[in-house]
1. Name every residue in the range 66-103 that is surrounded by 13 or more Cβ atoms within 10 Å (Cβ to Cβ), of a type outside the set (A, V, I, L, M) and out of contact with any Asp or Glu (no Cβ under 7 Å at 6 or more places or on another chain), in order of residue number.
2. Counting only residues that are hydrophobic (A, V, I, L, M, F, W, C) and either loosely packed, with under 11 Cβ neighbours inside 10 Å or free of Cβ contacts under 8 Å to residues at least 40 places away in the same chain (or both), how many does the range 51-65 have?
3. Six or more apart or on different chains, Cβ under 8 Å: which pairs go from a residue in the range 7-19 that's small (G, A, S) to one that's in a loop (DSSP other than H, G, I, E, B)? Could you list them?
4. Evaluate the range 78-86: report whether one residue or more is in contact (Cβ under 8 Å) with a residue 60 or more places away in the chain and polar (S, T, N, Q).
5. Do you know which residues across the range 10-43 are polar (S, T, N, Q) and either buried (at least 17 other Cβ atoms within 10 Å of the Cβ) or at pLDDT 95 or above (or both)?
6. Filter the range 48-103 down to the residues that are in contact with a Phe, Trp or Tyr (Cβ under 9 Å, 6 or more places away or on another chain), charged (D, E, K, R) and in a strand (DSSP E or B) and list them by number.
Amino acid sequence: MSKGENRITIIPAIHGKLTSDRKASEPDVAWIVQKWLERHPEVENRRGRIRAVSGQWTTEDGLKTEVITITMNIDDDIAGYDPEQDADLYEYWRAEPRYFEAS
């Protein structure tokens, strides 16, 4: 759960990556959230309560990117949600461990 106004993290910190040919590749946050909503239709009517928080960061391989975390207001039907159950949606984009050490 994220701190603050009763919000829960639904997509933990994700960021862009450098491809094998050194081109920047950024996560399609809208696609990830849409797929997440398809898996959680019980919150579809509350999509306006979903928030993205972002900040600039430089990855270990030198890519300047945005780190994005997606949260939503907690209601009873989502209170116990564990983002790991949908990790396949964002696994490739998951923030480097170094990001969490620096936070």
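1. Hits for the range 66-103 are E66, T69, T71, N73, D75, Y81, P83, D86, Y90, W93, R94, Y99.
2. Step one: of the range 51-65, the residues hydrophobic (A, V, I, L, M, F, W, C) are 52-53, 57, 63.
Subset that is either loosely packed, with under 11 Cβ neighbours inside 10 Å or free of Cβ contacts under 8 Å to residues at least 40 places away in the same chain (or both): 52-53.
Qualifying residue count, the range 51-65: 2.
3. A13/A95; G16/E26; G16/P27; G16/T59; G16/L63
4. no
5. Once the filter is applied, which keeps residues that are polar (S, T, N, Q) and either buried (at least 17 other Cβ atoms within 10 Å of the Cβ) or at pLDDT 95 or above (or both), the range 10-43 yields only Q34.
6. Correct list: K64, E66.
The values are calculated or read from the model by the stated rules, or taken from the named source; none is laboratory data. Note that the structure is a prediction, hence the values are computed from the model and not measured. Ideal geometry is used to build each Cβ from the backbone, glycine not excepted, and the neighbour counts take in all protein chains shown.
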